[in-house]
Amino acid sequence: MSKGSNMKRTVYGIILLSSFFIWQACGNRSETITAEYRDITEAVYASGNLYPENEYRLFANTEGIVLKRFVHAGDSVQKGTALFMLDREVDLSRLNTASKALQVAEKNAGESSPLLAELRAGLHSIRDKYQQDSANYARYQNLFEKEVVNLKTLEQYKLTFEISRNDILGKQQAYKRTQDQLKVELANAQTNYQTILESYDEHAPVSRLNGMVYEVTKEEGESVRRGELLAILGARDSMLVRLQVDELDFRRVHLGQEVIIRFDIDEGKIYKAKISHILSQTQ
């Protein structure tokens, strides 16, 4: 059974109802009359349409012109597949720029950040010098107390130690400021990307499921109004038939009953189904 662009195919259903009756053989009055029970099958005829399971209708969220149509009826699609581009192709360029900026910000703020790695290397280098200058200062303090060196020599080592200490504190503060700044830049890049993405989504609607395009209602170059139907999508291999049953026959229909289906475009073929839902007109 091919699946074309017009997915709402008219179908005719025959709902089978099992019953029985007493059959009576009659001959002339001199013959014996025998009565016996036999099953009969009644049928309820109904017409309706064929639908894909999980069907959903894609409506435009903005006004514009269909610049590009990326899919046709019968195409398979994955969740997130772009289906149309509506009048805002410039947003695609902005989105790509924002995406690259976000990637750079993520790289700069991550554990493998080249900038932070460079600052850490400088911090490690000054920390080694600080530890050496701290050890020298402590050693000369001990020598000064033993009157092995004079005060001028001790003050020289003290000054060298204090310079190293200030340097390492400065490097630590610079590292923390840079790290915080990169986090802020990452947050700004994420916000900017999300904002452009939301704007882009209005002009580049995507599929919400893995399935198939059953109908496309707009061609490239056509104008689109907000809320106008663009396409109908649904599951690829799972279909539902919705039949309208006359109110006089409604009470004769029950869940699980067998239904014989015939399509108006394929009358020579019969399909079998079962009733899975029964809805009243108010539903």
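Read-outs: derived from the displayed coordinates by stated rules, not from any lab. A quick note: this is a predicted structure, and the numbers were derived from the prediction, not measured. Counting neighbours? That spans all protein chains shown, and the Cβs are built from the backbone with ideal geometry, glycine included.
Structure values in brief
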read-out: Segment Glu42-Ser280, length gained on full extension (0.36 nm per residue, minus Cα span); value: 83.5 nm
read-out: Lysine pairs with alpha-carbon atoms under 24 Å apart, the stretch 100-203, spacing 8 or more or separate chains; value: 11
read-out: The stretch 145-283 - Kirkwood radius from inverse mean 1/r over Cα pairs (Å); value: 24.5
read-out: C-alpha center-to-center spacing [the stretch 119-171, the stretch 193-260] in angstrom; value: 75
read-out: Cα pair distances exceeding 17 angstrom across the stretch 100-203, given as percent; value: 65
read-out: FRET efficiency for Thr191 and Asn150, using Cβ-Cβ distance with R0 set to 45 Å, rounded to 0.05; value: 0.15
read-out: Contour excess over end-to-end distance, with Cα ends at Thr160 and Asn49 and 0.36 nm allotted per residue; value: 31.0 nm
read-out: Sequence of Ile261, Ile270 once ranked by neighbouring C-beta atoms within 10 Å, starting from the fewest; value: Ile270, Ile261
read-out: Charge tally in the Cβ shell below 13 Å around Gln78, where Lys, Arg are +1 and Asp, Glu are -1, Gln78 excluded; value: +2
read-out: Summed residue charge, Cβ within 14 Å of Gly256's Cβ, Lys/Arg positive, Asp/Glu negative; value: +2
read-out: Net lengthening on full extension, Tyr175/Ser125 (0.36 nm per residue, minus Cα-Cα); value: 16.6 nm
